[in-house]
1. Being touching a Phe, Trp or Tyr at 6+ places or on another chain (Cβ under 9 Å), farther than 20 Å from Tyr159 by Cβ and in a loop (DSSP other than H, G, I, E, B) is the filter here, so list the residues in the stretch 1-42 that pass it.
2. Can you tell me which residue within the stretch 48-94, out of those that are among the basic types (Lys, Arg) and modelled with pLDDT of 80 or more, is least open to solvent (accessible area, probe 1.4 Å)?
3. Could you list, in sequence order, all residues of the stretch 118-144 that are in contact (Cβ under 8 Å) with a residue 40 or more places away in the chain and under 17 Å from Arg43 (Cβ atoms)?
4. Would you tally the residues in the stretch 109-144 being of a type in the set (Phe, Trp, Tyr), more than 14 Å from Leu67 (Cα to Cα) and either at pLDDT 95 or above or open to solvent by less than 30 Å² (accessible area, probe 1.4 Å) (or both)?
5. May I ask you to list the residues in the stretch 7-37 that are open to solvent by less than 50 Å² (accessible area, probe 1.4 Å), over 13 Å from Met57 (Cα atoms) and of a type outside the set (A, V, I, L, M)?
Amino acid sequence: MSDMNLRYQQHHCELTLSEGVAEYRSYLRDIDREAMADGEGSRLILEHDVTHVIFGMDTSLEQEAGLDTWLLFGCQFKWRYLRGYSQLPEIKALYQALMAEGGWRLFLQLYWKCLGLKWRIFRRTRRMSQKWPFQFPEEWLTQPISELRERHGIDILTYEERDTGD
């Protein structure tokens, strides 16, 4: 499934947030990535997946770097809670694999390459009417993505604005 076929990446997406997450997880399977699942009593994975959907980002390294900017400047969160995500075994393994592949140089090159993308996202976060709560209310899962974006003043990037040249 190509980037342009993901309905949650359309600004006026009428899917519910839950349907958007299902599409995101289907996309992960389509590109042979494992969709992680939350442990009992946890919503960290769901909440992270929702940020991909609500901000219209896929899982390319470039868009993950962009999602970091949406998260830092466009989300309301507690550092202690968010740190739990980076402590998940699957996330630790991913970071270790990336470090083994390219080390810090890979991260520096990625962030340099994504400066324009990050700047566009930063400017969008400044125009939001309210930050997206990382720990969002459960009932929002049944609401249309477009309504949630409108309520928070989220203006996602177009395909061209997300493109970093790869």
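1. Once the filter is applied, which keeps residues that are touching a Phe, Trp or Tyr at 6+ places or on another chain (Cβ under 9 Å), farther than 20 Å from Tyr159 by Cβ and in a loop (DSSP other than H, G, I, E, B), the stretch 1-42 yields Arg33, Ala35.
2. Ranking the candidates gives Lys78 first.
3. Passing the criteria: Trp132, Pro133, Phe134, Gln135, Phe136, Trp140, Leu141, Thr142, Gln143.
4. 2
5. Cys13, Thr16, Ser26
The values are calculated or read from the model by the stated rules, or taken from the named source; none is laboratory data. Note that this is a predicted model, so its numbers are computed, not measured. When we count neighbours, we look across all protein chains shown, and the Cβ atoms used for this are built from the backbone with ideal geometry, even at glycine. Each accessible area value is taken on the protein alone, full model and side chains, heavy atoms only, with ligands, DNA and RNA left out. Shrake-Rupley method; radii C 1.70, N 1.55, O 1.52, S 1.80 Å.
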